Amino acid sequence: MITKGEKIVAKNRRASFDFHLGERFEAGLVLTGTEIKSVRASKADLKRAYARPDENGELWLLDMHISPYEQGNRENHEPERKRKLLLHRKEIYKIERAMFDKGVTLVPTRLYLKNGLAKVEIAIATGKKNYDKRQSIAKKDANRQVQRELKERSR
């Protein structure tokens, strides 16, 4: 849900196709100066990204690609470094409890700017089986066909 003052920078479109998405959380990101400039220029990619808690009770976002800032100098950032997620302690505990289940992962669904700050929406997700994916494709095709028929009838 996009609210006033938000600008979506990147979406993970494969997330809803590859996973059953559960509860979602809004997390802040710890970024360097050149990273936030690249994010504001929409130079981020969430395709292979995932989140994982560590032994210190912190959440980290891994494999998110943020392109180097074009006007950056030798202090430019590493494109795929791990980035710390900022959440409330209760939310982190809730996520850690959910991670004990087999087949559960944390998937970022979208990256956006909210009041000038970078936020990422992460979801607790379980992987879909191939037959689930085929059902999703069949449902999308059926909806597309219905929309075509309605459009032709309205002409």
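The values are calculated or read from the model by the stated rules, or taken from the named source; none is laboratory data. Keep in mind it's a predicted model, so treat the numbers as computed, not measured. Heads up, the Cβs are rebuilt from the backbone with ideal geometry, glycines too, and the neighbour counts pull from every protein chain shown.
Considering 98, 44, the condition of being closer than 28 Å to residue 128 by Cα and in contact with a helix residue (DSSP H, G or I) (Cβ under 9 Å, 6 or more places away or on another chain) is satisfied by 44 alone. Only one of the numbered conditions (1) in contact with a helix residue (DSSP H, G or I) (Cβ under 8 Å, 6 or more places away or on another chain); (2) without any contact (Cβ under 8 Å) to a residue 60 or more places away in the chain is violated by residue 54, and that is (1).
Among residues of the stretch 99-130 being polar (S, T, N, Q) and surrounded by 11 or more Cβ atoms within 10 Å (Cβ to Cβ), the one that is farthest from residue 62 (Cα to Cα) is 126. One residue stands out in the stretch 11-45 among those that are among the small types (Gly, Ala, Ser) and touching a strand residue (DSSP E or B) at 6+ places or on another chain (Cβ under 8 Å): the one that is nearest to residue 70 (Cα to Cα), namely 38. All told, residue 92 falls short of being within 18 Å of residue 16 (Cα to Cα) and either β-branched (Val, Ile, Thr) or surrounded by 17 or more Cβ atoms within 10 Å (Cβ to Cβ) (or both).
Summed over the stretch 40-51, residues that are surrounded by 15 or more Cβ atoms within 10 Å (Cβ to Cβ) and within 23 Å of residue 101 (Cα to Cα) total 3. Can you pull out the residues in the stretch 57-93 that are in contact (Cβ under 8 Å) with a residue 40 or more places away in the chain and in contact with a Pro (Cβ under 6 Å, 6 or more places away or on another chain)? 59, 76, listed by residue number. On inspection, residue 43 fails the criterion of being among the basic types (Lys, Arg) and either over 17 Å from the mean Cα position of the chain (by Cα) or at pLDDT below 85 (or both). Counting just the residues of the stretch 131-154 that are among the polar types (S, T, N, Q) and either modelled with pLDDT under 90 or within 25 Å of the chain's Cα centre (by Cα) (or both), which one comes out surrounded by the most Cβ atoms within 10 Å (Cβ to Cβ)? Among them, the one singled out is 136.
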